[in-house]
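Encoded as structure tokens, the structure appears first; notes follow it.
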Amino acid sequence: MGLHDLDADSLERLAQRRANAKMGWYIHALVFVIVNIGLAVLSAASPRPWAIFPFFGWGLGLLIHAAVVFITPPGSGFRERLVQQERERLERSRGG
């Protein structure tokens, strides 16, 4: 099922879900910047700069989050496939 097969309501739900995912990434990025600025200030006051470690670790997580949100095609998410599989399993178990 592709994007061209979706009705108006399904397309709207998909658009809302994608917009929410992007907003989640923007919030994640903002928190990343604010926290890492604070960590850099604290690290600058210590004899050895340690803030680089959480920066790169969390930065990798932020990059993976960005890849999931911005690179994957709409409607092809892992969650949608799981929901579809569960729906089919439930329909089979109830005899439908």
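Values for this structure:
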quantity: Structure-based [θ]222 nm, the chain - -39500 (n - 2.57) summed over DSSP H runs of at least 4, per residue, nearest 500; calculated: -25000 deg cm²/dmol
quantity: Cα-centred dipole magnitude for segment 7-93, charges only on beta-carbon of K, R (+1) and D, E (-1), debye, nearest 20; calculated: 240
quantity: Simple spin-label estimate for Thr72 and Ala44 in nanometres, 7 Å along Cα-Cβ; calculated: 3.8
quantity: Principal-axis tilt of helix 8-44 within the chain, Cα atoms, nearest 10 degrees; calculated: 10
quantity: From the coordinates shown, Rg/Rh (Cα atoms, Kirkwood Rh) corresponds to which of (1) 1.11; (2) 1.25; (3) 1.21; calculated: (3)
quantity: For segment 7-93, with +1 on Lys and Arg beta carbons and -1 on Asp and Glu, the positive-most of Pro54, Leu82, Asn20 along the dipole; calculated: Pro54
quantity: At R0 = 30 Å, FRET efficiency that the Cβ-Cβ distance of Met23 and Phe55 yields, to 0.05; calculated: 0.80
quantity: Cβ-derived FRET efficiency at R0 22 Å, Ala8 paired with Gln84, nearest 0.05; calculated: 0.60
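Coordinate-derived values only; no laboratory data. What you see is a predicted model; the values in this text were computed from it and never measured. Virtual Cβ from ideal backbone geometry, glycine too; neighbours counted across all protein chains shown.
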